[in-house]
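The values are calculated or read from the model by the stated rules, or taken from the named source; none is laboratory data. The structure presented is a predicted model; accordingly, all values stated were derived computationally and were not measured. Note that we place each Cβ from the backbone using ideal geometry, even for glycine, and neighbour counts take in every protein chain shown. These accessible areas exclude ligands, DNA and RNA; they are computed on the full protein's heavy atoms, side chains included. Shrake-Rupley method; radii C 1.70, N 1.55, O 1.52, S 1.80 Å.
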Amino acid sequence: METIRQQLITDLSGAKTPQDVENARVKYLGRKGLITLAAKETDFSKLTAEEKKSFGSRLNELKNFAAEQLAAAAESAKQFGAAVGGTRKLDLTVPGLSRRLGALHPITTTLVELHQIFQGMGFMVLQGPDIETEYYNFESLNIPNDHPARDMQDTFWLTNGMVMKTHTSANQVRALERFGAPIRAIFPGRCFRYEAMDASHENTFYQCEGLVVDKNISVANLIAVMKTLLGEVFHREVKVRLRPGFFPFVEPGFELDLNCLICGGTGCPTCKESGWIELIPCGLIHPRVLEYGKIDPNEYSGFAFGLGLTRLAMMKYGVRDIRLFNSGDVRFYEQFVAVM
Ligand code: DAH
């Protein structure tokens, strides 16, 4: 449903004439429309009462959302047509006619792109809660109560003992418990830390976690997936290197660096003259984390990575100040045209 929703938003952002909007209506809400079919083709007899209810209400939400968006787009197309006196008489010298339909947020665009890349490699896309238990955020990741690794993440603790999730790794054991092995999944999400904010630190930012668990998974698989990912994101072949890095939930743990795309590795201000950009912490999943996820580490192994999604968007679009993403400043958002 999320894919349909994103697709609808993209289609409507490109819809100019009433006919474009009508085509979109048929595509989504028509008799053979995507949303109509999603309802028709679901075998409700296989769902529990609870699932039926949740599926039904999400579907209804999507329908209402589509109807609203289509109505707004139709109105906007009509006004635009009237204002320019019909598309045939378009006068390019008419000043300042703004349709202000908005644009996708650059994080959304990056997210949709990641969905497509990972789905192409057979990954599921999962979503976990923003408010987490201490168990999933720390304990199940081999970070016990007294472990210094907790101090590295300045945590927002809630009065009921829960935490605003500090990293998407918090979803790892949830995913393992729910789906078992073998599994390939990514779980993008918002993370929260009690940071002093500046151009490169935010208290709310996005990460995209991923994990693969199967028989005989090794570092070679990890590198292959990371290279494919980065190659597709940056539309060229990339060079990467691994350095040792410590995270209690992986062993061995790495920092994956990307050969600087600006200077090609010779050194420039972007890579702080080193030729490499630290991009993706990752590693082979610690056996204890697999055990917490009820998976036998003697039978299965896996890798995990925690991609800084906001950082990736900054690199991809050349955004120098992280605070712009949550600024709500339309002048910032309008600069991004969603190309998908
Ligand atoms: N969760 C870590 C952080 O936010 C990043 C991380 C490191 C994620 C290693 C991973 C990993 O999946 O394997 O600092």
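Considering only protein heavy atoms and a 1.4 Å probe, what is the carbon-and-sulfur percentage of the accessible area of region 2-87? Provide the component values of the computation, followed by the final result.
Details: 2970 of 5440 Å².
In region 2-87, the share of accessible area belonging to carbon and sulfur is 55 percent.
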Between the Cα axis of helix 18-29 and the main Cα principal axis of the chain, the angle (0 to 90°, nearest 10) is 50 degrees
Relative to the chain, whose Cα atoms define the longest principal axis, helix 106-120 and its Cα axis are tilted in degrees, nearest 10, by 70 degrees
Sequence order, region 145-155: Karplus ³J(HN,Hα) from phi using 6.51 cos²θ - 1.76 cosθ + 1.60, θ = phi - 60°, Hz rounded, Gly and Pro as x, gives 3, 9, 7, x, 4, 5, 5, 6, 10, 6, 9
Placing each pseudo-label 7 Å from Cα in the direction of the beta carbon, Gln119 and His201 end up separated by a distance in nanometres of 3.7 nm
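Using a 1.4 angstrom probe on the protein heavy atoms only, could you order Thr3, Thr10 from most to least accessible area? Mind dumping the intermediate values first?
Numbers: Thr3 95, Thr10 35 Å².
Descending order: Thr3, Thr10.
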Place a point 7 Å from the Cα of Gln127 in the direction of its beta carbon; the residues of region 171-191 whose amide N falls under 20 Å from it are 171-179, 184-191
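In debye, nearest 20, what is the charge dipole magnitude of region 106-334 about its Cα centre with +1 on Lys and Arg Cβ and -1 on Asp and Glu Cβ, if you could check? Please list the in-between numbers first.
On the way: 21 positive and 27 negative charges, 107 e Å.
Its charge dipole is roughly 520 debye.
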If each part is reduced to its alpha-carbon centroid, region 121-177 and region 234-282 end up apart, in Å, by 25 Å
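Using a probe of 1.4 angstrom, how much of the accessible area of region 98-187 is carbon and sulfur, in percent?
Numbers: 2110 of 4170 Å².
Carbon-and-sulfur percentage of accessible area, whole number: 51.
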Helix 219-234: inclination vs the chain longest Cα principal axis, degrees, rounded to 10, gives 30 degrees
Place a point 7 Å from the Cα of Glu68 in the direction of its beta carbon; the residues of region 1-30 whose amide N falls under 14 Å from it are 9
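What net charge do the residues around Lys215 carry, taking every other residue with its C-beta under 15 Å from that of Lys215, with Lys and Arg at +1 and Asp and Glu at -1? List each step's numbers first, then the result.
Working: positive: Arg184; negative: Asp214, Asp296, Glu299.
So the environment of Lys215 carries a net charge of -2.
Grab the other residues whose beta carbon is less than 11 angstrom from that of Phe205, score K and R as +1, D and E as -1, and report the net. Intermediate values should be presented prior to the final figure.
Numbers: positive: Arg190, Arg193, Arg311, Arg323; negative: Glu195, Glu202.
Around Phe205, the surrounding residues sum to +2.
Suppose R0 equals 51 Å; then what is the FRET efficiency for Ser218 and Asp154 from their Cβ-Cβ distance, rounded to the nearest 0.05?
Values: r = 34 Å, r/R0 = 0.67.
So, using R0 = 51 Å, E works out to roughly 0.90.
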Simple spin-label estimate for His235/Val330, 7 Å along Cα→Cβ, in nm, reads 2.9 nm
Those trypsin sites (Lys or Arg not before Pro) from region 202-255 that are DSSP loop and have at most 13 other Cβ neighbours within 10 Å turn out to be Lys215, Arg236
Result for region 106-334: accessible area per residue, probe 1.4 angstrom, in square angstrom, of 47 Å²
